[in-house]
Amino acid sequence: MITALKVIFSILFAWVCYVVISTSIQSNLFKEWDYLGSIPWMRATLWDFYANVSVIYLWVCYKEKGIFSKIVWLVLLIVLGSIASTAFVLIQLFRLKPNEGLKEFFTARNG
């Protein structure tokens, strides 16, 4: 199960990086912001994004002991979105020892 999750999240991480980079090359978010901000679905998407960041960040706060790492992850989640969240999950998966499973993945604290 853990190996499958590593593969899935590695593919997801690579895909999200590809989509963000290729889109950034094609279109400048800051030039498009006034137009995008006027679209109701864009505003809904942003609210949805920040709600998800809040949920993921609660898990990050549980997993990470140090205040510095908690702050760094918050900034990364806000700035990088799914790139940061998939990276955090991958880091947690690769930290597991061979005999550990999903229980440790979700509950073991870092540090």
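Here are the numbers for this structure:
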read-out	value
Residue list for segment 41-72, restricted to those being farther than 16 Å from Ala84 by Cα and touching a helix residue (DSSP H, G or I) at 6+ places or on another chain (Cβ under 6 Å)	Met42
Of the criteria (1) at pLDDT 95 or above; (2) exposed (fewer than 11 other Cβ atoms within 10 Å of the Cβ); (3) among the small types (Gly, Ala, Ser), which one Ser38 fails	(1)
Every pair of residues 6+ apart whose Cβ atoms lie under 8 Å, when the first sits in segment 12-37 and is more than 24 Å from Ala87 (Cα to Cα) while the second is in a helix (DSSP H, G or I)	Leu36/Leu29; Leu36/Met42; Gly37/Arg43
Residue among Phe13, Phe30 that is farther than 17 Å from Leu102 by Cβ and more than 19 Å from the chain's Cα centre (by Cα)	Phe30
Residue match in segment 68-75 (condition: among the β-branched types (Val, Ile, Thr), part of a helix (DSSP H, G or I) and closer than 30 Å to Asn99 by Cα)	yes
Any hit, segment 102-111, residues being surrounded by 11 or more Cβ atoms within 10 Å (Cβ to Cβ), within 15 Å of the chain's Cα centre (by Cα) and among the small types (Gly, Ala, Ser)	no
Matching entry among Leu77, Leu93, Leu102 (being within 21 Å of Ile21 (Cβ to Cβ) and among the aliphatic types (A, V, I, L, M))	Leu77
When residues of segment 41-67 are limited to those that are within 30 Å of Gly111 (Cα to Cα) and aromatic (Phe, Trp, Tyr), the one surrounded by the most Cβ atoms within 10 Å (Cβ to Cβ)	Tyr57
Residue in segment 76-97 that is under 18 Å from the mean Cα position of the chain (by Cα) and outside any helix (DSSP H, G or I) present	yes
Close pairs (7 angstrom Cβ cut-off, 6 or more residues apart or separate chains): without any contact (Cβ under 8 Å) to a residue 40 or more places away in the chain in segment 95-108, surrounded by 13 or more Cβ atoms within 10 Å (Cβ to Cβ) anywhere	Glu104/Leu96
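The values are calculated or read from the model by the stated rules, or taken from the named source; none is laboratory data. Note that the structure is predicted; figures quoted are calculated from it, not measured. Note: ideal-geometry Cβ built from the backbone for every residue, glycine included; neighbour counts use all protein chains shown.
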